[in-house]
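This report refers to the structure that appears directly beneath it.
The values are calculated or read from the model by the stated rules, or taken from the named source; none is laboratory data. None of these values were measured; they are calculated from a predicted model. Here the Cβ is made from the backbone with ideal geometry for all residues, glycine too, and neighbour counts use every protein chain on show.
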Amino acid sequence: MRIAVIGTGYVGLVSGACLADFGFQVTCIDTNADLVAALNRGESIFYEPGLAEILQRNIAAQRLAFSTNMAAIIAEADSILLAVGTPSRDKSGEADMYYINTAIEQLVPHCKQGVVIAIKSTVLVGTNAALREKIAVLRPDLDFSLASNPEFLREGQAVADFTAPDRVVIGVKAGDNRAHEVLVQIYAPLASRNIPIIITTPENAEMIKYAANAFLALKLTFINQVADLCEKLGGNIDEVAKAIGLDKRIGSAFLQAGPGFGGSCFPKDTLAFAATGNKAGAPQKLVENLIEINHERRQQTAHRIIAAADAAQTKLVAVFGCAFKADTDDIRESPAIDVIAALLEKGLTVRLHDPQAMKAAQALFPAVQCCDSPYEAAKGAGVSVIMTEWDIYRHLDFQQLRQAMEGDVLLDMRNLYSLEEMAVRGVKYYSVGRPPVAGS
């Protein structure tokens, strides 16, 4: 089977590379010639653990290629995966279908008869039905199938999520046996390992993606609110979260208190889900509230750091991490970015370290001093702040850190260290939802 993938972002590139690793002949299409050339050389265009090796292996095996020639590739494709962006359109938060519609308009004239098109992008509920009508108008002669196949990839773990997912969701119109058979064939390597393949309607598949992300965002927001209560009442959010997470009805995932959620999915998808509910006359009040709470969380984090700097009588703050999570170079909607902006606005000097994302942050904040190590970032700082849960920050040399800093305050917004350990580390340690520690 020849598979064409439209788009080489996180979803398109990871999907294409992993499908090639399954043994399919895959070509990923993008309009950027320089990007395509780099990918054909086996160079990953973003940081994602394990991806570069898969790219290079499958390019060498001639199962994976990249092209700007949409017409030629689409004409030979048996199946097409659509993986283009669906950003928030405006203040309403509704997802913008411009890139989806544009891609359909560009590829449909070149499709061969019997093609199966699967939408992997996160799209508004009803998009599959609307596109089916659009394709019929564009190519009345075309015999085609259209399916929904939403992705559930986490940045930093995208390769593992594609090759060992919790489930695969396939939305097909009733009676479309061809789409059903082709997509089941594509995911047969996963089904053979007893990974559930959920066959449902396109509308359900579209809803599943939004509902799943909204629920995960809700868990994160809930545990952050409980963390605030723990701080007021002398509790420890780690112990609370562990205990409630052991309840099988709840589960431990996404119960890690922190500075709020970010990235390319949760902020965008919760906005779109809320907008969808309002448009349909079924407001999603929980989701609307969590969006506002998450925004406030970032401001609260910034105010907390500013207050610590004022108390320490320092104008220099070291920030450890600016990616929205560990194991990615993505700073989109990162809480750390909002925090850095607030610190700079208050006239504080920020020295930054991040293993992968400093280049992107430097483009946003030329005034920020980017450093090669957390200890260089901490040099002369009165306050240091852990904003991203990179492993390097889980194993800091506290003697070296204290020697570098002028002050002795460490704010850990990811709760990477136990209170017992920090009691002997020689810093004043403040974390999320736990009592402060005056280390000796």
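Against the test of being farther than 24 Å from L271 by Cβ and either in contact (Cβ under 8 Å) with a residue 40 or more places away in the chain or surrounded by 15 or more Cβ atoms within 10 Å (Cβ to Cβ) (or both), the options I170, I198, I208 yield a single qualifying residue, I170.
Taken residue by residue, the range 297-316 has no member that is surrounded by fewer than 20 Cβ atoms within 10 Å (Cβ to Cβ), in contact with a Cys (Cβ under 6 Å, 6 or more places away or on another chain) and more than 14 Å from M387 (Cα to Cα). Among the residues of the range 275-286, those identified as surrounded by 15 or more Cβ atoms within 10 Å (Cβ to Cβ) and either outside the structural domain of L343 (by TED's automatic domain parsing) or touching a Gly at 6+ places or on another chain (Cβ under 7 Å) (or both) are A275, Q284.
Counting just the residues of the range 78-93 that are in contact with a strand residue (DSSP E or B) (Cβ under 7 Å, 6 or more places away or on another chain) and more than 18 Å from F66 (Cα to Cα), which one comes out surrounded by the most Cβ atoms within 10 Å (Cβ to Cβ)? Explain how you work it out, then say what you get.
Applying the first criterion (in contact with a strand residue (DSSP E or B) (Cβ under 7 Å, 6 or more places away or on another chain)) to the range 78-93 yields 78-84, 86, 88-89.
This time we only want the ones that are more than 18 Å from F66 (Cα to Cα), so: 86, 88-89.
On the way: T86: 21, S88: 16, R89: 15.
By that ranking, first place goes to T86.
Pairs linking a residue in the range 50-61 that is touching a residue at least 24 places away in the same chain (Cβ under 8 Å) to a residue that is of a type in the set (S, T, Y), with Cβ atoms under 8 Å and 6 or more positions apart or on different chains, are L51/S44; L55/S44. Inspection of the range 289-296 identifies at least one residue that is farther than 30 Å from P49 by Cα and either buried (at least 20 other Cβ atoms within 10 Å of the Cβ) or touching a Phe, Trp or Tyr at 6+ places or on another chain (Cβ under 6 Å) (or both). Take the conditions more than 23 Å from F22 (Cβ to Cβ), touching a helix residue (DSSP H, G or I) at 6+ places or on another chain (Cβ under 7 Å) and buried (at least 23 other Cβ atoms within 10 Å of the Cβ) and apply them to A71. Does it pass? In short, no.
Going through the range 133-163 one residue at a time, which ones are outside any helix (DSSP H, G or I) and over 19 Å from L81 (Cα atoms)? Matches in the range 133-163: P140, D141, E155, G156, Q157. The set of residues in the range 18-55 being in contact with a Leu (Cβ under 9 Å, 6 or more places away or on another chain), among the aliphatic types (A, V, I, L, M) and in a helix (DSSP H, G or I) consists of L19, A20, L39, L51, I54, L55.
Confirm whether R2 is over 24 Å from K359 (Cα atoms) and of a type in the set (K, R).
Details: over 24 Å from K359 (Cα atoms): yes; of a type in the set (K, R): yes.
Criteria met by R2.
Looking at the range 125-134, is at least one residue farther than 24 Å from I208 by Cα and touching a residue at least 60 places away in the same chain (Cβ under 8 Å)? Within the range 125-134, none of the residues are farther than 24 Å from I208 by Cα and touching a residue at least 60 places away in the same chain (Cβ under 8 Å).
Can you confirm whether the range 157-164 contains a residue that is farther than 30 Å from Q113 by Cβ, surrounded by fewer than 17 Cβ atoms within 10 Å (Cβ to Cβ) and free of Cβ contacts under 8 Å to residues at least 60 places away in the same chain? Taking every residue of the range 157-164 in turn, at least one turns out to be farther than 30 Å from Q113 by Cβ, surrounded by fewer than 17 Cβ atoms within 10 Å (Cβ to Cβ) and free of Cβ contacts under 8 Å to residues at least 60 places away in the same chain. Please identify the pairs in which a residue from the range 403-415 that is crowded, with 19+ Cβ neighbours inside 10 Å has its Cβ atom under 7 Å from the Cβ atom of a residue that is small (G, A, S) and part of a strand (DSSP E or B), counting only partners at least 6 apart or on another chain. Correct list of pairs: M405/S384; L410/S384.
Looking across L35, L39, one residue alone is out of contact with any His (no Cβ under 9 Å at 6 or more places or on another chain) and buried (at least 22 other Cβ atoms within 10 Å of the Cβ). It is L39. For the range 62-71, residues that are among the small types (G, A, S) and free of Cβ contacts under 8 Å to residues at least 24 places away in the same chain total 0.
Check L142, L124 and return the single one that is in the same structural domain as A17 (by TED's automatic domain parsing), closer than 23 Å to P267 by Cβ, of a type outside the set (D, E) and surrounded by 15 or more Cβ atoms within 10 Å (Cβ to Cβ).
Exactly one of L142, L124 is in the same structural domain as A17 (by TED's automatic domain parsing), closer than 23 Å to P267 by Cβ, of a type outside the set (D, E) and surrounded by 15 or more Cβ atoms within 10 Å (Cβ to Cβ), namely L124.
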